[in-house]
Amino acid sequence: MLTTNPHEDDTLHEECGIFGISGATDAARLVALGLHALQHRGQEAAGITSFDGVEFHTHRAMGHVAGNFDREDIMVPLRGSVACGHVRYSTTGETALRNVQPLYADLASGGFAIAHNGNISNAMRLRRDLVRRGSIFQSTSDTETIIHLVATSNYRTTVDKFIDALKRVEGAYSLIVMTPEGMIACRDPLGIRPLVMGKIDGPDGGSIIFASETVALDVVGATFVRSIDPGELVMVKGTEITSHRPFPQVAARPCIFEYVYFSRPDSISEDRSVYTVRKAIGAQLAIESPVDADLVIPVPDSGTPAALGYAQESGIPFELGIIRSHYVGRTFIQPSDKVRHLGVKLKHNANRALIAGKKIVLIDDSIVRGTTSLKIVEMMREAGAAEVHMRIASPPTRHSCFYGVDTPERAKLLAATKNLEQMADYIKADSLAFISIHGLYKALGEPQRNAIRPSHCDACFTGDYPTSLTDQDDVSSVDQFALLAERVI
Ligand code: AMP
């Protein structure tokens with residue numbers, strides 16, 4: 001069913017990685033490599049679009065990059081020296097493939113392909129208006145809204161149409177766009193989601209690359225040039241690169257959760273090593289919430305750097321008390337709670353010989369629903385741990401993300417409904433502590449969180465959303481209206 005309300009059949013909360021390259025023989029093959037390095041950002045679907053100077057070619061598939069984009073029958077048709085790609089978590093169901101990016105449309109100005117990381121927080125409102133005026137949507141993705149805004153813009157050039165479109169969207173977007181005129185990369189004015197530029201030197205001016213994280217530059221042997229600035233739009237036409245700043249300048253608010261969990265630890269983000277930040281978070285956590293324990297044990301893999309930091313700061317030995325199978329995806333991928341529980345068991349196993357009789361402190365990056373923590377604590381007790389203390393390398397996640405990180409609705413967030421003691425009871429830990437919000441900023445090298453001008457978006461912890469949330473407000477007002485109606489009845 002094609003709906004005008006994207007919330008009806010597919011969730012809008014996506015997590016994504018994007019990669020684009022201009023000026024490379026077999027560009028699509030390099031995109032496939034780049035996407036492979038960004039696979040942690042989205043594991044349910046992937047897509048690549050290439051441009052050979054005349055035609056655009058696209059392949060989109062459910063599943064991982066490997067297994068799809070290493071097949072010759074798929075790669076050979078993706079001809080051209082310009083290409084971009086996307087990895088995402090998507091929802092299940094028969095409608096999923098039409099939402100897999102890059103999205104493509106034939107506009108009056110020519111082909112237009114777009115890959116998006118983030119989430120547009122007024123997409124539903126815009127979509128309703130566009131549909132009313134005759135736009136026919138092919139997907140339920142928020143990203144398609146941008147295509148329709150470009151298509152219906154009165155400006156003359158594609159870049160101007162694109163800027164016109166972006167001025168009407170709110171929320172988080174790092175975008176890579178391909179048109180016959182060239183490739184455009186841009187970041188929303190607050191720079192909520194990351195986007196970096198790299199290059200590969202070559203005889204004909206080499207190649208320019210855009211990617212969500214620096215690890216994707218490493219994998220193709222590119223060198224890091226710089227981050228795309230918040231609110232900046234970079235256009236690449238052959239060897240010519242131009243930068244545009246079409247938005248009024250505002251203080252940037254990149255996502256702090258990229259440091260906590262989302263980015264790969266070997267990425268460099270805003271000149272900081274993600275790994276080093278995670279270790280610093282762990283060290284700060286040890287200062288704030290010490291435990292008298294025999295062993296520090298990471299919940300692998302996401303808790304590992306913070307656990308190392310905790311162990312080094314506290315002097316308690318670091319040991320691998322949980323072994324992770326690398327053949328299962330991230331816990332979140334499983335759609336139903338039932339399967340998610342099973343997923344946790346498949347993923348982690350206790351290293352019994354090490355744990356029996358020990359007082360342990362477990363370190364994980366975050367608690368969302370609490371499913372992982374509960375299973376892990378139970379697993380440690382079954383393996384004979386004398387005491388199990390849990391330390392979390394982020395403040396309590398109390399608010400949903402509307403900027404492209406997959407979080408469940410608020411009511412399902414453990415920290416939104418329970419206090420610390422209730423959470424500790426729920427996960428059956430002897431004690432539980434989270435790093436403080438100021439401690440998190442300390443780990444980033446700041447004295448504390450600046451309450452008036454925070455340097456990052458930390459809405460998932462503080463509820464301080466840096467943009468308007470038009471769709472959310474619309475949904476709430478409909479809910480309130482329904483509630484009122486119910487009461488009247
Ligand atoms: P939960 O079991 O619901 O409490 O989820 C917490 C676990 O999921 C943590 O161990 C994190 O490593 C991981 N996690 C946190 N946020 C996300 C996210 N947005 N997407 C996927 N995994 C996540």
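Which of the residues spanning segment 39-58 are part of a helix (DSSP H, G or I) and surrounded by fewer than 24 Cβ atoms within 10 Å (Cβ to Cβ)?
Q39, H40
Within segment 461-487, how many residues turn out to be at pLDDT below 90 and either outside any helix (DSSP H, G or I) or touching a strand residue (DSSP E or B) at 6+ places or on another chain (Cβ under 9 Å) (or both)?
0
Here are G134, G171: which of them is surrounded by fewer than 22 Cβ atoms within 10 Å (Cβ to Cβ) and on the phi > 0 side of the Ramachandran plot?
G134
Can you name the condition, by its number, that D229 falls short on among (1) more than 19 Å from the chain's Cα centre (by Cα); (2) modelled with pLDDT of 95 or more; (3) in a loop (DSSP other than H, G, I, E, B)?
Result: D229 passes all but (1).
Scan segment 414-442 for residues that are small (G, A, S), surrounded by fewer than 20 Cβ atoms within 10 Å (Cβ to Cβ) and either touching a residue at least 24 places away in the same chain (Cβ under 8 Å) or away from the ligand (no atom under 13 Å from the Cβ) (or both) and jot them down.
Scanning segment 414-442 gives A424, S431, A433, S436.
Filter segment 51-90 down to the residues that are polar (S, T, N, Q), more than 16 Å from the ligand (Cβ to nearest atom) and either more than 23 Å from D204 (Cα to Cα) or in contact with a Phe, Trp or Tyr (Cβ under 7 Å, 6 or more places away or on another chain) (or both) and list them by number.
T58, N68
Return the residues of segment 94-107 that are small (G, A, S) and farther than 19 Å from D52 by Cα; say none if nothing qualifies.
A96
Go through segment 255-281 residue by residue and tally those that are in contact (Cβ under 8 Å) with a residue 40 or more places away in the chain and within 16 Å of the ligand (Cβ to nearest atom). First the steps, then the outcome.
If we filter segment 255-281 for residues that are in contact (Cβ under 8 Å) with a residue 40 or more places away in the chain, which is where we start, we get 255-270, 272, 277-278, 280-281.
Imposing the further condition that a residue be within 16 Å of the ligand (Cβ to nearest atom) reduces the set to 255-265, 277-278, 281.
Residues flagged as in contact (Cβ under 8 Å) with a residue 40 or more places away in the chain and within 16 Å of the ligand (Cβ to nearest atom) within segment 255-281 amount to 14.
Give segment 374-413 a look and list any residue that's free of Cβ contacts under 8 Å to residues at least 12 places away in the same chain and within 10 Å of the ligand (Cβ to nearest atom), or say none.
none
Only one residue in V291, V368 is in a loop (DSSP other than H, G, I, E, B) and either at pLDDT below 90 or within 21 Å of P408 (Cα to Cα) (or both), so which one is that?
Just one listed residue meets the conditions, V368.
List, please: which pairs have Cβ atoms under 8 Å, are six or more places apart or on different chains, and start with a residue in segment 210-238 that is over 21 Å from H116 (Cβ atoms) and end with one that is buried (at least 17 other Cβ atoms within 10 Å of the Cβ) and basic (K, R)?
A222/K199; T223/K199; V225/K199
Against the conditions (1) farther than 20 Å from I209 by Cβ; (2) modelled with pLDDT of 95 or more; (3) surrounded by 19 or more Cβ atoms within 10 Å (Cβ to Cβ), where does H36 fall short? Just the number, please.
(1)
The values are calculated or read from the model by the stated rules, or taken from the named source; none is laboratory data. Here the structure is a predicted model, which is why all the values come from computation and not from measurement. Here Cβ is always computed from backbone atoms with ideal geometry, including for glycine, and neighbour counts include all displayed protein chains.
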